[in-house]
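*Asks:* Please find one structure pasted underneath; my questions will follow.
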Amino acid sequence: MKEIPFNRPFLAGTELGFVREAAESGQLASGGPFTRRCEEWLREATGTERALLASSATAGLEAAMILAGLGPGDEAIMPSFAYPTIASAVVRQGAVPVFVDIDPETLNLDPDRVREAVGPRTRAIAAVHYGGVGCDLDALLEIAAGGGMLVIEDAAHGLLASDRDRPLGAIGDLGVFSFHETKNVTCGEGGALLVNNPALLERAETIWEKGTDRAAFLRGEVDRYSWVDVGSSFGAGELAAAFLWGQLGAAAELTARRREIWDRYHDAFAATEAAGHAQRPHVPAGQVHNGHLYYLVLPTPTARDAFIAELGERGIVTSFHYVPLHSAPAGRRFGRATGSMTHTDDLSRRLVRLPLWPDLDEEQIDRVIEAASAAAAGAARAHG
Ligand SMILES: *Cc1c(COP(=O)(O)O)cnc(C)c1O
């Protein structure tokens, strides 16, 4: 039986033509026509003030932590159930990542835990929209406004998802997308920083221009450009931007396809949930997700591991997610946990993600549903 991989990047078919066009244009560095087109597309899709195409979401997070003004002794609050570079970006500023627990319903940051973690040195709240399902940003924005903090959205999963008609990534002060090969839209390695707060715009451009005022120079506002601030090479090159431009053209269609597969899984596993074999994801009212991932939560860690092994034997690749940051070696060294981590510790050991990519065919989807339903029932009986 042919293996069903966990993920396969989607090809729109237009990417290589655009890459050739970029290559033949002779303009290969960042900031060329394909970069501008992608940035404009992102701006229109989200309503952000300014989108900056990045070499990765990690680069975007690093720029965001500079913009948040984090320095030695400062703190940024974030979920422990997250990808490591959200914390690493804080540590690079000499600041301390403060980890808090998640809401067990959505696996997103719990605003009550954030409130408890706020201290005199808190400068930022960094939130993840897990699986493209928006977190409770309104509560986080309220906490941040009360303490002069910035809200940074790690919307690496969140392209074209929304919270009551507000596109994810464009709601907080800053937002970050990822175009890594595992994300909905990709150029291999890539990302974007959305600058939603106009007060941060000028410094964001400077940081992007490697710490120079080149952007002002290109607009004719200064007659030469020089080093004026910290900065780095955060931008993506034109070849990556050209590839991404092809993908963005198909983004709506492939998001719809992902949601279709997500719905097939969700309907099929209603019986699994009703039988107590596994829990399905919960999408709060008002949230429109983008089918980024589908997961099940098995009754015990042993049942989850047995489930993964069983599906592996049936040729279906599944995957756990995030080792909690507070218990990871670097998290213990550089960060600090506040409050109980019950849900993070528990759910990270019981969660499993199923294959979900646009080219999955009906037969493969049926195979996953049948195998996962049977494996969940077996694992819950043996290890529940
Ligand atoms: C993938 C991912 C990142 C990192 O994205 P890169 O583009 O690979 O740097 C950050 N946060 C989350 C939630 C992710 O899923």
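Computed from the coordinates by the stated procedures, all read-outs in this text should not be read as laboratory data. None of these values were measured; they are calculated from a predicted model. Note: ideal-geometry Cβ built from the backbone for every residue, glycine included; neighbour counts use all protein chains shown.
*Asks:* In the chain, how does Rg compare with the Kirkwood Rh, expressed as the Rg/Rh ratio over alpha carbon atoms?
*Replies:* Checking Rg against Rh, the ratio lands at 0.99.
*Asks:* Stretched out fully, how many nm does the piece from E202 to L218 gain, at 0.36 nm a residue minus the Cα gap?
*Replies:* 4.4 nm
*Asks:* Just to confirm the number: angle between the C-alpha axis of helix 15-25 and the first principal axis of the chain, 0 to 90 degrees, nearest 10?
*Replies:* Roughly 20 degrees between the two axes.
*Asks:* As a check on your grasp of the helix formula, calculate [θ] at 222 nm for the chain: sum -39500 (n - 2.57) over DSSP H runs of n ≥ 4, divide by the residue count, round to the nearest 500. Before the final figure, lay out the partial values.
*Replies:* On the way: 15 runs with 159 residues, N = 384.
Theoretical 222 nm ellipticity from helices: -12500 deg cm²/dmol.
*Asks:* How large is ³J(HN,Hα) for each residue in the range 197-207, as worked out from phi by the Karplus curve 6.51 cos²θ - 1.76 cosθ + 1.60 (θ = phi - 60°), to whole Hz, x for Gly and Pro?
*Replies:* 8, x, 5, 9, 4, 5, 5, 4, 4, 5, 4
*Asks:* Between E362 and A374, what is the spin-label point distance in nm, taking each point 7 Å from the Cα along the Cα→C-beta axis?
*Replies:* It works out to 2.1 nm between the two label points.
*Asks:* Let me ask another. Determine the gain in length on full extension of the stretch D267-S340; use 0.36 nm per residue of separation and subtract their C-alpha separation, reporting nm with one decimal. Kindly include the intermediate steps, with their values, before the conclusion.
*Replies:* Details: separation 73, 0.36 × 73 = 26.28 nm, distance 3.35 nm.
Taking D267 through S340 to full extension adds about 22.9 nm, to one decimal.
*Asks:* Shifting gears a bit: Just to confirm the number: angle between the C-alpha axis of helix 57-67 and the first principal axis of the chain, 0 to 90 degrees, nearest 10?
*Replies:* 50
*Asks:* For the range 251-383, build the charge dipole from Cβ charges (+1 Lys, Arg; -1 Asp, Glu) around the Cα centre, then report which of L325, Q279, Y295 sits farthest towards its positive end.
*Replies:* The listed residue farthest towards the positive side: L325.
*Asks:* Hey, with R₀ at 35 Å, roughly what FRET efficiency would A274 and A145 work out to, going by the Cβ-Cβ distance, to 0.05? Can you show the working numbers first?
*Replies:* Working: r = 42 Å, r/R0 = 1.20.
Here the calculated transfer efficiency is 0.25.
*Asks:* Whose amide H sits under 5 Å from the amide H of G211, counting only residues 5 or more places off or on another chain, with H placed in the peptide plane?
*Replies:* Excluding prolines and chain starts, which carry no amide H, the hits are S232.
*Asks:* OK, next. From the phi angles alone, apply the Karplus equation (6.51, -1.76, 1.60; θ = phi - 60°) to the range 297-309 and give each ³J(HN,Hα) in whole Hz, x where the residue is Gly or Pro.
*Replies:* With coefficients 6.51, -1.76 and 1.60, one gets 10, 7, x, 9, x, 5, 5, 4, 5, 5, 4, 4, 5 Hz.
*Asks:* Which shape class applies to the range 241-366: rounded if a/c is under 1.5, otherwise prolate when a/b exceeds b/c and oblate if not, where a ≥ b ≥ c are the square roots of the Cα gyration tensor eigenvalues?
*Replies:* Here the range 241-366 falls in the oblate category.
*Asks:* How much length is gained if the chain between T14 and V228 is pulled fully straight, taking 0.36 nm per residue apart and subtracting their Cα-Cα distance, in nm to one decimal?
*Replies:* Stretched fully, the T14-V228 segment lengthens by 73.1 nm.
*Asks:* Take every DSSP beta bridge whose two residues both sit in the chain, then give the antiparallel share in percent to the nearest 5.
*Replies:* 55
*Asks:* Sticking with this one: Which peptide among 72-83, 305-316 comes first, and what is the full order, when sorted by highest mean count of other Cβ atoms within 10 Å? Write out the running numbers ahead of the final one.
*Replies:* Numbers: 72-83: 22.8, 305-316: 17.5.
Ranked by mean Cβ neighbours within 10 Å, highest first: 72-83, 305-316.
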